[in-house]
Structures are given as C-alpha cells and as structure tokens.
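*Asks:* Take a look at this one; I'll ask things after.
The values are calculated or read from the model by the stated rules, or taken from the named source; none is laboratory data. The model shown is predicted, which means the values in this text are computed figures rather than measured ones. In this analysis, Cβ positions are derived from the backbone assuming ideal geometry, glycine residues included, and neighbour counts consider all displayed protein chains. With ligands, DNA and RNA removed, areas are computed over all heavy atoms of the protein, side chains included. Shrake-Rupley method; radii C 1.70, N 1.55, O 1.52, S 1.80 Å.
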Amino acid sequence: MFSSSFSPIQPEVANMLSQINEHRKETAVLAENTGVMSDKYYQCLQGYTSIQEPTSAFWKRRYFVVAENTMFLYTNECSRVPTDYLEIGTIVRSPRDAEDEVLMPHSLAVDFGSGDYYMYFDTLDMMRAFQGEISKSIEAA
C-alpha cells in the first residue's frame, strides 16, 4: 500500500519540530529567570498587540509583557508560558510610526535586527506606553 520511501516524519520535519520545541523551552526558561511568571509580572507593561514578523505576511494577535529588557509574546492573557520573545537590546533603531505602511492607526515598525516587525496597538495610549518603555530600555543599554 505504501512505498518503501514513505516515512511518517521526514528528517527535515523532525528537525524543525526539534528546533521549535527547543525554542519554546528556552523561552520558558527565560521567562522563569526574569520573574515574568511571578508577582513581578503585574508591575510590567502588558497588553495586546497584533504583530507581523519580517518573514511573514500574516498578522498574529498576541498578548505581550515587557520585562527585564525582553518582550514576551503569549497566545492570550491566560497563557502561562510565552510562545516567543524579542530582546529589546537587539533593536537597531528607535520604533517609528508605520501607519502609512500598514494602513492602520497606532502602528509601529521596530527593527529587532532581523528586519521590521510591524505592531498594531488598540489604542494610542498603549502605543505611547510601549514606545516609552522601549525608549527607556534603549537609553539604559
């Protein structure tokens, strides 16, 4: 029925899954070490953003927490472990207004060293708070 070359998981897929699992473990360890999963979490800038990565045409709605020079991204606010993180120290230049590029108000472009990440915030106040937090982190570095 199946050819002898059939493999349930091709080596490339198995390697990708291994890399994803390793990245998730690193993210969880970093979140634990920065204290973002403890009471300190409630003292951090947090909220929702829609984010578009440089290598993707799709927008993802994520809950974020900025703590200890790191932006943690969660699937939603009830998630205990972040799905990804971005190091604020790797920002190449200050965030810039991206409303004309993405055609959405309250949008920023932030270059974390691998290209522009576009972020859309629900309110102008949240966007300004994020810009302020990023600026403080950049100045401290």
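Listed here are the residues, each with its yes/no results for (1) part of a loop (DSSP other than H, G, I, E, B); (2) open to solvent by 70 Å² or more (accessible area, probe 1.4 Å).
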site	(1), (2)
Val65	no, no
Leu73	no, no
Cys78	yes, yes
Pro82	yes, no
Leu86	no, no
Gly89	no, no
Arg93	yes, yes
Asp100	no, yes
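*Asks:* Hey, another quick one. Name, by its number, the condition in (1) in contact with a helix residue (DSSP H, G or I) (Cβ under 8 Å, 6 or more places away or on another chain); (2) among the acidic types (Asp, Glu); (3) modelled with pLDDT under 90 that does not hold for Asp84.
*Replies:* The failed condition is (3).
*Asks:* Right, next: Suppose we filter the range 126-141 for residues that are modelled with pLDDT under 85, aliphatic (A, V, I, L, M) and open to solvent by less than 40 Å² (accessible area, probe 1.4 Å); how many remain?
*Replies:* 0
*Asks:* Are any residues in the range 102-125 open to solvent by less than 60 Å² (accessible area, probe 1.4 Å), out of contact with any helix residue (DSSP H, G or I) (no Cβ under 8 Å at 6 or more places or on another chain) and either touching a residue at least 60 places away in the same chain (Cβ under 8 Å) or not in a strand (DSSP E or B) (or both), and if so, which ones?
*Replies:* Val102, Met104, Gly115, Asp116, Tyr117
*Asks:* Can we say Glu53 is open to solvent by 80 Å² or more (accessible area, probe 1.4 Å) and either in contact (Cβ under 8 Å) with a residue 24 or more places away in the chain or over 25 Å from Asn21 (Cα atoms) (or both)?
*Replies:* For Glu53, the condition - open to solvent by 80 Å² or more (accessible area, probe 1.4 Å) and either in contact (Cβ under 8 Å) with a residue 24 or more places away in the chain or over 25 Å from Asn21 (Cα atoms) (or both) - is not met.
*Asks:* Kindly check whether there is at least one residue in the range 38-45 that is surrounded by 10 or more Cβ atoms within 10 Å (Cβ to Cβ), on the phi < 0 side of the Ramachandran plot and at pLDDT 70 or above.
*Replies:* Yes; the residues of the range 38-45 include at least one that is surrounded by 10 or more Cβ atoms within 10 Å (Cβ to Cβ), on the phi < 0 side of the Ramachandran plot and at pLDDT 70 or above.
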